[in-house]
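The values are calculated or read from the model by the stated rules, or taken from the named source; none is laboratory data. On a predicted model such as this, the values are computed, not experimentally measured, just so you know. Neighbour counts run over all protein chains shown; Cβ positions are idealised from the backbone, glycine included. Side chains are part of the model used for accessible areas, which takes the heavy atoms of the whole protein and leaves out ligands, DNA and RNA. Shrake-Rupley method; radii C 1.70, N 1.55, O 1.52, S 1.80 Å.
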Amino acid sequence: MEKQTNREGIKGWLNPTRYGIERFAYWLMRLTGLGLLAYFVAHIIETSTIVDGKDAWDKMLELTQTTEGHIILALVIGMSVFHTVNGIRVMLGQGGIGVGKPGRPDYPYNKPASLNNKHKLCIYASIGLAALAMLYGLQVMFGV
Amino acid sequence: MAAIAPQTLEEKPVAVESQSKSITLRISKFNPKTESNRNFVDFTIPYKKWTTVLDAILVVKENFDHSVGVRYSCRQSSCGSCGMKINGKPALACYTKISELNSNTITVEPMDNFPIIRDLVVSFERMFSAHKKLKPYIISEDSEITKDTKEFLQTPEDVEKYLQFSNCIKCGLCNSACPTMATDSSFIGPQALAQAYRYVADNRDKGKNDRLKIIDDSHGIWRCHFAGSCSKVCPKGVDPAMAIQLLRGYLLGFRK
C-alpha cells in the first residue's frame with residue numbers, strides 16, 4: 001500500500017538539507033517542539049516528587065545540579081529561544097506579513113519573494129540568539 | 001569573415017566532440033502491478049553543455065531500454081508533464097541541465113507523494129481532483145458575452161495581484177516537495193491552495209467565500225507550516241508559499 005501511495009512519510013521531515021534554510025528552520029522547529037514537549041513531561045514528573053516529601057524533592061533537585069543536568073537545561077534554554085523567536089517569524093509570515101508582494105515573475109524564476117532575506121535573517125538570528133542564550137546559561141550554571 | 005568560416009567549420013566538430021563527457025544515469029524502474037520492489041538500472045550517457053535530463057532519458061529509450069516509462073510533451077517547461085525526482089529533489093527533467101547538476105551520477109526517480117503508475121510516471125488524479133475542488137475558474141453572475149454588458153476592465157495593478165499564480169503548469173513539484181504532503185494523505189496541497197488564491201485575488205471573481213469555506217478545513221490551509229519548499233522547487237515562479245500565507249490572511253481577518 002505504501003508503495004502505491006509513494007508518500008515520503010516521516011523521512012521527508014528527517015532530511016532538512018534539500019530545500020534551503022527555510023526547510024532547515026522547519027525541521028529545527030519540529031525538533032525543538034518535540035524536545036520542549038519532552039522537557040515539559042519530565043518537568044511535571046520532577047515537580048510531582050514534592051508530594052513524596054522533602055527528601056525525595058531534594059534528591060530530584062540534586063539531579064539537576066549534575067553536569068548532565070546542566071547540559072540538558074542549557075539545551076532546553078536553546079530550544080526555548082529558537083522555538084520562540086522562529087515561532088514569531090512563522091506566525092507573522094502566516095498572517096501574510098513579510099512574505100512579499102505578488103508581481104510579474106521573471107525568468108529564471110528562482111527567487112521566490114516569500115523566501116526573502118528578511119525571513120532568512122530572522123532564521124539566522126533565531127539560531128544565533130539560541131546559541132548565545134545557551135552559552136550564557138552554561139556560564140551561569142557552571143560558574144565559569 | 002570569409003577567411004575564418006572554413007576554419008570554424010573544420011574545427012567545430014572536433015571542439016564539440018572534445019567537450020562531450022559522460023555521466024551515469026540511474027533510472028528507477030518499478031511496475032506496481034507486477035513488482036514489489038523498486039530497482040535502479042544504470043546507463044552511461046554522453047552529454048554536452050545543454051543536454052537536459054529528459055534528453056538523456058530519451059537517449060536511453062532510443063538506444064538501450066525502450067521500456068523506460070516517462071511522461072513528457074513540450075520539452076520546454078510549459079506542459080508540466082516531466083516532473084520527477086532528480087538527485088533527490090523534484091524538478092522538471094526538460095528544465096534541468098546535466099551540466100548544472102555537478103554530479104557524475106544522476107539518479108532519476110518518480111516524484112514523492114504521488115502514486116506510481118510505472119517507472120518515472122506518477123498519477124496526478126488526486127492533485128487534479130483537489131485543484132478542481134477549489135473551483136479554478138472565475139465565478140461571477142455577470143458575463144462578458146451577455147448582451148448590453150461590457151468587458152471586465154482590469155488595471156495592470158489588478159492583474160499583478162494574481163498573474164504569477166496563473167503561471168501554474170500543474171507539474172506537481174510543489175506537492176512532491178511539501179513536508180505536509182509527505183505525511184497527510186488528505187492535505188489539499190500547495191498547488192490547489194495557490195490556485196485558490198489566484199482566483200480569490202482576481203477582482204472579477206465573486207467566489208471568495210465559497211473557496212475560503214473549502215480550505216478552512218482540518219486538512220486544509222492550516223496544515224501548511226510555511227517550510228517554503230513548494231516555492232523553492234516551482235519552475236514557473238508561482239510561489240505557492242506566498243499565496244498560502246496571503247490566503248490565510250483572509251481567514252484571519254488581516255485581508256478583506
**Request:** With the checklist (1) closer than 26 Å to residue B:142 by Cβ; (2) at the interface with another protein chain (Cβ under 9 Å from one of its Cβ atoms); (3) over 21 Å from the mean Cα position of the chain (by Cα) in hand, flag the one item residue B:209 doesn't pass.
**Result:** (2)
**Complete:** The residue from B:237, B:228, B:220 that alone is under 24 Å from residue A:119 (Cβ atoms), more than 12 Å from chain A (Cβ to nearest Cβ), among the small types (Gly, Ala, Ser) and surrounded by 18 or more Cβ atoms within 10 Å (Cβ to Cβ) is B:220
**Asked** Could you say whether any residue in the range B:228-245 is assigned to a loop (DSSP other than H, G, I, E, B) and among the aliphatic types (A, V, I, L, M)?
**Response** yes
**Request:** Could you tell me which residue of the range B:110-139 is nearest to the other protein chains (Cβ to nearest Cβ), considering only residues that are in contact (Cβ under 8 Å) with a residue 60 or more places away in the chain, within 15 Å of the chain's Cα centre (by Cα) and farther than 23 Å from residue B:165 by Cβ?
**Result:** B:112
**Neighbours by Cβ (under 9 Å, 6+ apart or cross-chain): first from the range A:101-116, more than 7 Å from chain B (Cβ to nearest Cβ) and more than 18 Å from residue B:173 (Cα to Cα); second part of a loop (DSSP other than H, G, I, E, B) and hydrophobic (A, V, I, L, M, F, W, C)** = A:101/A:113; A:116/A:99
**Prompt:** Of the numbered conditions (1) touching a strand residue (DSSP E or B) at 6+ places or on another chain (Cβ under 8 Å); (2) open to solvent by 20 Å² or more (accessible area, probe 1.4 Å), residue B:120 satisfies every one except a single condition; which is it?
**Reply:** (2)
**Asked** Just a yes or no: is a residue in the range A:2-12 buried (at least 17 other Cβ atoms within 10 Å of the Cβ), more than 7 Å from chain B (Cβ to nearest Cβ) and either at pLDDT 95 or above or not in a helix (DSSP H, G or I) (or both)?
**Response** no
**Prompt:** Which helices (runs of 4 or more DSSP H) sit wholly inside the range A:50-144 and have at least 1 residues that are closer than 16 Å to residue B:228 by Cβ?
**Reply:** A:67-94, A:117-142
**Item:** Failed condition for residue B:203, given (1) within 12 Å of chain A (Cβ to nearest Cβ); (2) surrounded by fewer than 24 Cβ atoms within 10 Å (Cβ to Cβ); (3) not charged (D, E, K, R)
**Value:** (1)
**Request:** List every residue pair whose Cβ atoms sit under 8 Å apart, with the two residues 6 or more apart in sequence or on different chains, where the first one lies in the range B:179-192 and is without any contact (Cβ under 8 Å) to a residue 24 or more places away in the chain and the second, anywhere, is open to solvent by less than 10 Å² (accessible area, probe 1.4 Å).
**Result:** B:183/A:12
**Message:** Among the listed residues B:101, B:54, identify the single one that is free of Cβ contacts under 8 Å to residues at least 60 places away in the same chain and open to solvent by less than 20 Å² (accessible area, probe 1.4 Å).
**Reply:** B:54
**Message:** Suppose we filter A:22, A:68 for residues that are out of contact with any Lys or Arg (no Cβ under 7 Å at 6 or more places or on another chain) and exposed (fewer than 14 other Cβ atoms within 10 Å of the Cβ); which single one remains?
**Reply:** A:68
**The listed residue being within 14 Å of the chain's Cα centre (by Cα) and either without any contact (Cβ under 8 Å) to a residue 60 or more places away in the chain or closer than 30 Å to residue B:202 by Cβ (or both), out of A:129, A:92** = A:129
